[in-house]
Amino acid sequence: TASTPLLDIRNMDVAYGGIRAVRQLNLHVHPGERVALIGANGAGKSTTLRAICGLVPLAAGSIDYQGRSLAGQPVHAMVRQGLVMVPEGRGIFPQLTIEENLHMGAYSRQDKINFAQELQQVYQRFPRLAERRLQTAGTLSGGEQQLLAMGRAILSKPKLLLLDEPTMGLAPIMVDKIFEVIEDIAQQGVTILLIEQNARLALEVSQRGYVLESGELTLQGPARDLLHDPKVRAAYLGE
Ligand code: ATP
């Protein structure tokens, strides 16, 4: 039904050894939404994404995707259902060419009928990647690697795209470019959960936001409200 969230995290705890990195987290994303998860270093943002992808086990709670539990599902099964993550550090293959990396995006896809055409669309959108398509990905700049990771994600036909700090370490002009690409991907109907330290841009591009502090959600609501919240402004917007 229209009211079923695409992603529904309930009462989730995640622990490393005995230490709880995330406590009693409740977070949902509806189809077509853009949602930001913001917080300081070590707040538990990456841990939350890793838990969604099954890369760290839950100590409590549940995660449903399209109304079904993700527990025990391998990553390739998630990708096949449209749940795609662009990890921190981008997860590209540095020894492979740009084109080979882009082909990896379609690896788990069942229909590759339009792949050649979609690849051309990615190249049109990212001319820098087109110019360098036979170069190894490790030779790209950090920003170009991020574009490659996003291009590859687009080619895996995501329904829900999980972005882990896509602008980390990038120059301001590249940060703007990445956010343009996020807008562009969202326009095409892809639902987005965005983890960012750049709280302002993340909230500006999102409809809703969650604030995570030391593993617990402290604030949530419409992104516009969070942008005007005095606590958010003081703690995350540098005001
Ligand atoms: P950042 O923006 O710095 O990446 P974050 O909000 O993504 O921060 P996490 O990486 O999720 O935070 O880390 C949350 C907490 O869990 C931190 O205290 C971190 O030290 C701890 N942690 C993360 N990964 C591990 C691990 N593999 N083993 C032990 N502790 C970990």
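Considering only the range 7-24, I want to know if a residue exists there that is among the hydrophobic types (A, V, I, L, M, F, W, C), more than 22 Å from S214 (Cβ to Cβ) and within 16 Å of the ligand (Cβ to nearest atom).
no
Looking for something in contact with a strand residue (DSSP E or B) (Cβ under 8 Å, 6 or more places away or on another chain), more than 10 Å from the ligand (Cβ to nearest atom) and open to solvent by 70 Å² or more (accessible area, probe 1.4 Å) - is there at least one such residue anywhere in the range 77-91?
Scanning the range 77-91, I find no residue that is in contact with a strand residue (DSSP E or B) (Cβ under 8 Å, 6 or more places away or on another chain), more than 10 Å from the ligand (Cβ to nearest atom) and open to solvent by 70 Å² or more (accessible area, probe 1.4 Å), so the answer is no.
Please indicate, with yes or no, whether at least one residue in the range 27-42 is modelled with pLDDT under 95, over 14 Å from V211 (Cα atoms), assigned to a loop (DSSP other than H, G, I, E, B) and within 15 Å of the ligand (Cβ to nearest atom).
no
Considering every residue within the range 161-172, establish whether at least one is in contact with a Gly (Cβ under 6 Å, 6 or more places away or on another chain) and modelled with pLDDT under 95.
yes
Given the conditions (1) more than 20 Å from I19 (Cβ to Cβ); (2) out of contact with any Asp or Glu (no Cβ under 7 Å at 6 or more places or on another chain), which single one is not true for T48?
Just one mismatch for T48, condition (1).
Can we say E213 is charged (D, E, K, R) and closer than 29 Å to A15 by Cα?
Answer is yes for this residue.
Rundown of residues vs (1) buried (at least 19 other Cβ atoms within 10 Å of the Cβ); (2) within 22 Å of G82 (Cβ to Cβ), yes/no style:
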| residue | (1), (2) |
| --- | --- |
| A153 | yes, yes |
| K157 | yes, yes |
| P166 | yes, yes |
| G169 | no, no |
| D176 | no, no |
| I182 | yes, yes |
| I185 | yes, yes |
| L203 | yes, no |
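Which residue, of G221, G215, is without any contact (Cβ under 8 Å) to a residue 24 or more places away in the chain, out of contact with any helix residue (DSSP H, G or I) (no Cβ under 6 Å at 6 or more places or on another chain), farther than 28 Å from I154 by Cβ and open to solvent by less than 20 Å² (accessible area, probe 1.4 Å)?
G221
Give me a count of the residues in the range 83-112 that are at pLDDT 90 or above and either of a type in the set (G, A, S) or in a helix (DSSP H, G or I) (or both).
6
Any residue at all in the range 54-63 that is at pLDDT below 95, surrounded by 17 or more Cβ atoms within 10 Å (Cβ to Cβ) and outside any helix (DSSP H, G or I)?
yes
Pick out the one residue from K177, K159 that is charged (D, E, K, R) and in contact (Cβ under 8 Å) with a residue 60 or more places away in the chain.
Criteria check complete, one pass: K159.
Listed residues E144, E131; which is open to solvent by 40 Å² or more (accessible area, probe 1.4 Å) and not polar (S, T, N, Q)?
E131
Filter the range 179-202 for residues that are in a helix (DSSP H, G or I) and either at positive phi or away from the ligand (no atom under 16 Å from the Cβ) (or both) and give the result.
Result: F179, E180, V181, I182, E183, D184, I185, A186, Q187.
The values are calculated or read from the model by the stated rules, or taken from the named source; none is laboratory data. Computed from a predicted structure; not experimentally measured. Because the Cβ atoms are built from the backbone with ideal geometry, glycine has one as well, and the counts that use them run over all protein chains shown. When the accessible area is computed, the model is the full protein with side chains, heavy atoms only, and any ligands, DNA or RNA have been set aside. Shrake-Rupley method; radii C 1.70, N 1.55, O 1.52, S 1.80 Å.
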